[in-house]
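The values are calculated or read from the model by the stated rules, or taken from the named source; none is laboratory data. On a predicted model such as this, the values are computed, not experimentally measured, just so you know. Neighbour counts run over all protein chains shown; Cβ positions are idealised from the backbone, glycine included.
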Amino acid sequence: MWDCYSTTYPNYTSFQAWRAGFREGVKMCLNRGLVPSVDEFKESVSSRNLDNLTIWHNVGMDVENGEWAIMGARMGTHMTMLTDWDANNVQWFDNYTEMWDKIKNEDPLELAEAYGIELRAKLDLPTCVLEENQSKFFKRHYGADKYNRGPLVKEMDIIKEIEGW
């Protein structure tokens, strides 16, 4: 469906924000569900995935627990691409509590910076945490061309319009 009919709050708690970021950090690295090599990642990661991954890594300080979402995304990317962690574990929600218990008392921005150093060095990923006003500015303009068209509009009609059919 083209339009957005609901709102989610993946940042309601610090745990939920970290978990949402972590899952996105993992999933945006995958190529059809498989972990690419570092070289394959650099050469063939989908540009859309790379855009979304970079946003998760850097934008969010304008919302409650946003620092945890940023850190989680960087941690998920790091574990997927730079360790022997099995990315299939991302689907088992029982694992998250144990992982969270190891980091919940840490400073998320310090951890995000540590992960960011490695992600820049080994994956050539741009990392810079946008401050609150910068995140708001980005979000305002990033989605400026997106709007709901109405519940009776068929998705194929929208695709035809966009592609000029």
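Examine region 64-71 for a residue that is aromatic (F, W, Y), crowded, with 16+ Cβ neighbours inside 10 Å and closer than 17 Å to L125 by Cα, and state whether such a residue exists. Quick ask: steps written out before the conclusion?
In the first step, residues of region 64-71 are kept if they are aromatic (F, W, Y); the result is 68.
Checking the rest, the ones that are also crowded, with 16+ Cβ neighbours inside 10 Å come to 68.
Filter once more, keeping what is closer than 17 Å to L125 by Cα: none.
The answer is no, given that none of the residues of region 64-71 is aromatic (F, W, Y), crowded, with 16+ Cβ neighbours inside 10 Å and closer than 17 Å to L125 by Cα.
Name the residue that is surrounded by the most Cβ atoms within 10 Å (Cβ to Cβ), counting only residues in region 152-164 that are at pLDDT 70 or above and of a type outside the set (D, E).
Per the criteria, the residue is K160.
Look at region 102-150 and say how many of its residues are among the small types (G, A, S), free of Cβ contacts under 8 Å to residues at least 12 places away in the same chain and over 29 Å from L82 (Cα atoms). It would help to see each step written out before you state the result.
Taking region 102-150 and keeping what is among the small types (G, A, S), we get 112, 114, 116, 121, 135, 143-144, 150.
Okay, now just the ones that are also free of Cβ contacts under 8 Å to residues at least 12 places away in the same chain, so 114, 121, 143-144.
Checking which are over 29 Å from L82 (Cα atoms) leaves us with 143-144.
Counting residues in region 102-150 that are among the small types (G, A, S), free of Cβ contacts under 8 Å to residues at least 12 places away in the same chain and over 29 Å from L82 (Cα atoms) gives 2.
Take the residues of region 1-59 that are among the basic types (K, R) and either touching a residue at least 12 places away in the same chain (Cβ under 8 Å) or buried (at least 18 other Cβ atoms within 10 Å of the Cβ) (or both): which is nearest to R120 (Cα to Cα)? Spell out how you get there, then give the answer.
Filtering region 1-59 down to residues among the basic types (K, R) leaves 19, 23, 27, 32, 42, 48.
Right, trim to either touching a residue at least 12 places away in the same chain (Cβ under 8 Å) or buried (at least 18 other Cβ atoms within 10 Å of the Cβ) (or both) and you get 19, 23, 27, 42.
On the way: R19: 22, R23: 20, K27: 19, K42: 12 Å.
Taking the candidates together, the pick is K42.
Here are the criteria: (1) without any contact (Cβ under 8 Å) to a residue 24 or more places away in the chain; (2) at positive phi. Tell me which single one T83 does not satisfy.
Just one mismatch for T83, condition (2).
Got a sec? Which helices (runs of 4 or more DSSP H) wholly within region 83-142 have at least 1 residues that are farther than 19 Å from G60 by Cβ?
94-103, 108-123
For every residue, the table says whether it meets (1) closer than 18 Å to S135 by Cα; (2) hydroxyl-bearing (S, T, Y).
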site: S6; (1), (2): no, yes
site: P10; (1), (2): yes, no
site: G21; (1), (2): yes, no
site: V45; (1), (2): no, no
site: N52; (1), (2): yes, no
site: D62; (1), (2): yes, no
site: A69; (1), (2): yes, no
site: N88; (1), (2): no, no
site: E106; (1), (2): no, no
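Mind counting the residues in region 42-60 that are touching a Ser or Thr at 6+ places or on another chain (Cβ under 9 Å) and either over 22 Å from H141 (Cβ atoms) or not in a helix (DSSP H, G or I) (or both)?
Final tally of qualifying residues: 2.
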